[in-house]
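The values are calculated or read from the model by the stated rules, or taken from the named source; none is laboratory data. All of these numbers come straight from a predicted model, not from anything done at the bench. FYI the Cβ positions are ideal-geometry reconstructions off the backbone, even for glycines, and counts take in every protein chain you see.
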């Protein structure tokens with residue numbers, strides 16, 4: 001089957017005929033499969049310099065050389081080409097190298113040698129500057145020698161001659177390989193009619209699909225392939241589904257990395273059906289995927305389990321579990337072109353203290369067996385314009401570069417987690433731009449150049465947006481109240497969130513990435529408040545008995561007092577109830593136990609709460625050894 005020719009290769013064919021200065025930027029350290037048979041091994045991945053050597057030789061250039069600021073000018077593939085170059089550039093070779101420094105004023109410096117090769121008309125030459133991003137410290141901090149060197153190269157390109165060859169006329173060319181164009185001084189390429197910049201990107205979906213279909217057998221050990229493939233030949237649609245999933249998971253990987261996947265697949269004796277596990281092994285360093293260990297039986301009871309911790313939020317829990325079930329069944333992202341997106345995205349909105357953060361923690365425990373798998377970021381800490389560097393990592397040369405980013409470090413440590421971004425509306429818009437890439441592509445590159453993947457995470461944003469809104473005068477007033485029904489609260493909050501992103505921020509694309517996954521939590525109503533209070537009191541009783549062997553009893557009359565005080569104002573939700581329990585029960589009980597020197601092995605009955613006291617107090621009695629009640633006052 002004919003090899004797929006990359007877009008950048010076609011651009012190079014076109015512009016090498018008319019431009020003497022070509023900048024290749026982007027994926028320059030990758031290896032490529034040369035698409036013309038005979039010049040390079042048919043199934044061989046070669047470094048970009050070797051590729052360029054074959055390309056220009058096939059196109060009729062008589063001499064192709066490569067310059068490195070560490071080694072000088074050379075051609076490790078064809079010594080005769082270097083000799084021809086040295087002759088026309090009036091330079092000397094020694095041990096297969098034209099020794100030449102990039103900086104300096106001597107006639108033997110690399111820019112001077114290159115200029116002489118560019119203006120001569122005897123041999124069509126191509127000079128490739130390798131890793132040119134590292135020739136200078138920074139385009140903004142160039143000394144006069146750096147300026148002179150690039151000035152000579154620019155003059156060489158502007159004065160480049162055309163040479164007659166058996167294949168036709170060929171212009172002498174300077175090719176510059178850089179990570180990104182702005183590693184070079186801007187005046188070198190901007191508004192330069194002799195210059196063409198070509199971007200080398202990671203292989204696109206079509207290229208990856210061509211690779212996996214044409215060379216599918218090379219991903220497996222021979223014996224494994226012979227054993228597994230008969231079934232797939234009888235079920236070609238299953239083979240296609242497997243290959244398409246693999247192609248989707250490898251989005252953003254280079255050809256070098258795809259080749260590494262082939263080696264891993266063979267080395268690990270991977271079965272054909274487990275091809276996609278090799279991607280996890282390469283990205284995360286291990287095969288064990290917690291998502292694959294989840295049992296359907298566990299998820300079937302998830303709502304009841306959540307209701308033990310989160311009270312009065314049945315609708316929100318249902319919406320949350322829909323996203324989880326979609327992830328577990330592999331249905332997430334089916335309508336999208338990218339299969340590397342996060343497993344799920346949720347936007348929790350609603351009043352304070354209603355269980356948004358607690359739901360995220362419960363979800364982490366259910367999915368990954370540990371609440372610590374919920375990694376929380378308080379976005380109020382990222383409100384400055386430079387905060388994205390703290391989260392994603394500072395670029396090279398800046399303070400904190402070695403430490404990496406807080407988010408990227410967390411994902412490297414544990415790629416299988418819940419990412420909780422609390423109060424997302426307080427983050428700077430620079431960070432929102434980063435989230436766009438994460439939500440769309442499921443990956444990002446940190447300040448150190450490492451790619452981190454979010455394809456195994458569930459991302460949860462929380463927000464209080466929509467609870468209060470501003471009027472025309474900028475005054476805040478309540479948009480929703482407790483006397484409204486949940487349906488009305490949900491409608492008003494969702495509408496306010498949409499207005500915030502579309503009108504106030506002018507960023508509807510962020511809202512589009514979240515889609516219909518806005519989950520509105522209801523106010524804590526009286527029934528839910530009663531359940532929260534009961535659960536908190538029982539937790540205190542259980543922990544006292546487990547940790548201190550103190551059995552705590554509360555009379556019905558005393559509990560009624562506690563309930564009346566704790567549920568008097570539910571505007572602060574479950575957090576407000578917890579504050580009341582701490583003030584009315586935990587603090588007075590701690591004082592009573594301390595005053596009576598009770599450290600364990602006791603039975604204490606709370607008879608009354610005195611909420612009118614400042615601070616609140618309680619009346620208790622202590623059971624004696626015979627089980628009879630003794631006044632504790």
Quiz prompt | Residue identified as within 24 Å of residue 445 (Cα to Cα) and either in the same structural domain as residue 176 (by TED's automatic domain parsing) or modelled with pLDDT under 90 (or both) among 260, 202 | solution = 202
Quiz prompt | Checking residue 199 against (1) buried (at least 20 other Cβ atoms within 10 Å of the Cβ); (2) touching a strand residue (DSSP E or B) at 6+ places or on another chain (Cβ under 9 Å); (3) within 22 Å of residue 437 (Cβ to Cβ), the condition it does not meet | solution = (1)
Quiz prompt | Members of the range 467-479 found to be over 9 Å from residue 351 (Cα atoms) and either in contact (Cβ under 8 Å) with a residue 12 or more places away in the chain or in a loop (DSSP other than H, G, I, E, B) (or both), listed by number | solution = 469, 471, 472, 473, 474, 475, 479
Quiz item: Hey, residue 55 hits all of (1) under 29 Å from residue 147 (Cα atoms); (2) crowded, with 21+ Cβ neighbours inside 10 Å but one; which does it fall short on?
Solution: (1)
Quiz prompt | Selected residue (criterion: farthest from the chain's Cα centre (by Cα)) from residues of the range 288-304 that are in contact (Cβ under 8 Å) with a residue 12 or more places away in the chain and not in a helix (DSSP H, G or I) | solution = 294
Practice problem: Please verify whether the range 182-194 includes one or more residues that are in contact with a helix residue (DSSP H, G or I) (Cβ under 6 Å, 6 or more places away or on another chain) and farther than 21 Å from residue 48 by Cβ. | Solution: yes
Exercise. Please work out if residue 513 is in a helix (DSSP H, G or I) and outside the structural domain of residue 461 (by TED's automatic domain parsing).
Key: no
Quiz item: Of the residues that make up the range 112-125, is at least one within 44 Å of the chain's Cα centre (by Cα) and at pLDDT 95 or above?
Solution: yes
Quiz item: Among 160, 156, 197, 202, which is the only one that is part of a loop (DSSP other than H, G, I, E, B) and in contact with a helix residue (DSSP H, G or I) (Cβ under 6 Å, 6 or more places away or on another chain)?
Solution: 160
Practice problem: Could you tell me whether the range 429-440 includes any residue that is out of contact with any helix residue (DSSP H, G or I) (no Cβ under 7 Å at 6 or more places or on another chain), at pLDDT below 85, assigned by TED's automatic domain parsing to the domain that holds residue 466 and in a loop (DSSP other than H, G, I, E, B)? | Solution: no
Quiz item: Can you find even one residue in the range 125-143 that is part of a helix (DSSP H, G or I), surrounded by 22 or more Cβ atoms within 10 Å (Cβ to Cβ) and touching a residue at least 12 places away in the same chain (Cβ under 8 Å)?
Solution: yes
Quiz prompt | Number of positions in the range 491-522 that are touching a strand residue (DSSP E or B) at 6+ places or on another chain (Cβ under 6 Å) and in contact (Cβ under 8 Å) with a residue 60 or more places away in the chain | solution = 9
Quiz item: Would the range 395-407 turn up any residue that is under 22 Å from residue 510 (Cβ atoms), assigned to a loop (DSSP other than H, G, I, E, B), at pLDDT 85 or above and in contact with a helix residue (DSSP H, G or I) (Cβ under 7 Å, 6 or more places away or on another chain)?
Solution: no
Quiz prompt | Unmet criterion (only one of (1) surrounded by 14 or more Cβ atoms within 10 Å (Cβ to Cβ); (2) under 26 Å from residue 483 (Cβ atoms)) for residue 587 | solution = (2)
